[in-house]
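Novice: I am attaching a structure below and will ask some questions about it afterwards.
What follows draws every value from the coordinates through simple rules; no lab data is involved. This one's a predicted model, so the numbers in the text were calculated from it and none came from an experiment. Cβ atoms come from the backbone with ideal geometry, glycine included; neighbour counts cover every protein chain shown.
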Amino acid sequence: VIYDRDLSQDLTRVRFNGGQLYSDDGSTKPLDTTDMVTFFSGPGYAIYVMSEEGSLHVDSHSVGYRHHSSLLAGRNVGAAGEMMVKQGKLVWISNKSGHYHPSAPHFLQVLHQLQKQSVDLSVVKVKYFSKPPTPASEYDNVGLYLANMEAQGIHSYDFAKLVQYIVKIPFPEFAALAHAKGWQNALPASWWH
């Protein structure tokens, strides 16, 4: 298996501009996975990893040569899976990775990062792989996936992150704001001035 080192990682790094995905710094080459392939999903799909810093890296999969672990030289990642991108628009995403085995919190991290980059997640199909032997679940958009996770008690990335803050910084104001419907809207007006 080939591992990308520092300079070659820039070749697989995704750039964002206006909610679109690009393969160059000038945002002139929209990312497109049409000519890529993965062993699991086949032609038109690519493997991806998200670095611990939030950078997304995408490439074709080649068994025995290019794997998820190749993209960041075997380092720890924030998320991993497969995706389909057409002319810069993300249309499908999963958490399928045999190397990293990402769980729901990892997958939520990449969805959160995509949202921060203004990617329209309302049109992105999701395929979520939980632990075997449970079959993968498919959703018509990210909102339906998130609703299903919420029903299972797996809260949004923001809520999960807030709970971690409360554990590390326990004070009454934070604890009072911790509820699944979002703490941003519950902040008193005096906090904004």
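Novice: Could you sort out which of LYS29/LYS127; LYS29/LYS89; LYS86/LYS125; LYS89/LYS116 sit more than 18 Å apart by Cα distance in this structure?
Specialist: Over 18 Å Cα-Cα: LYS29/LYS127.
Novice: Tell me, in nm to one decimal, what length is gained between LYS86 and ASP120 on full extension, where the rule is 0.36 nm per residue of separation less the Cα-Cα distance?
Specialist: Extra length available between LYS86 and ASP120 comes to 10.9 nm.
Novice: What whole-number distance in Å separates the alpha-carbon centres of the stretch 92-124 and the stretch 39-85?
Specialist: Result: 12 Å between the Cα centres.
Novice: Multiply the residue gap between GLN152 and SER27 by 0.36 nm, knock off their C-alpha separation, and tell me the result in nm, one decimal place.
Specialist: 41.1 nm
Novice: Positive end of the charge dipole of the stretch 1-137 (Lys, Arg +1 and Asp, Glu -1 on Cβ, about the Cα centre): tell me which of SER130, HIS61, PHE40 has its Cα farthest that way.
Specialist: So the residue we want is SER130.
Novice: Determine the shape class of the stretch 17-77: with a ≥ b ≥ c the square roots of the Cα gyration tensor eigenvalues, call it rounded for a/c under 1.5, and otherwise prolate if a/b is greater than b/c, oblate otherwise.
Specialist: oblate
Novice: Oh, and also: Scan the stretch 16-120 for GluC sites (Glu not before Pro) in coil per DSSP, keeping those whose Cβ has at most 12 other Cβ atoms within 10 Å, and list them by number. Each step should come with its number before you reach the end.
Specialist: On the way: sites: GLU52, GLU53, GLU82; in loops: GLU52, GLU53.
When the GluC sites (Glu not before Pro) of the stretch 16-120 are filtered for loop state and at most 12 Cβ neighbours within 10 Å, GLU52, GLU53 remain.
Novice: From the Cα gyration tensor of the stretch 1-154, with a ≥ b ≥ c the square roots of its eigenvalues, which class applies: rounded if a/c is under 1.5, or else prolate if a/b is larger than b/c, or else oblate?
Specialist: oblate
Novice: May I pose another question? Multiplying the sequence separation of SER103 and ASN17 by 0.36 nm and subtracting their Cα-Cα distance, what value in nm do you get?
Specialist: 28.2 nm
Novice: Ok, one more. If I model a spin label at TYR3 and SER137 as a point 7 Å from the Cα along the Cα→Cβ vector, what separation in nanometres do I get?
Specialist: 3.5
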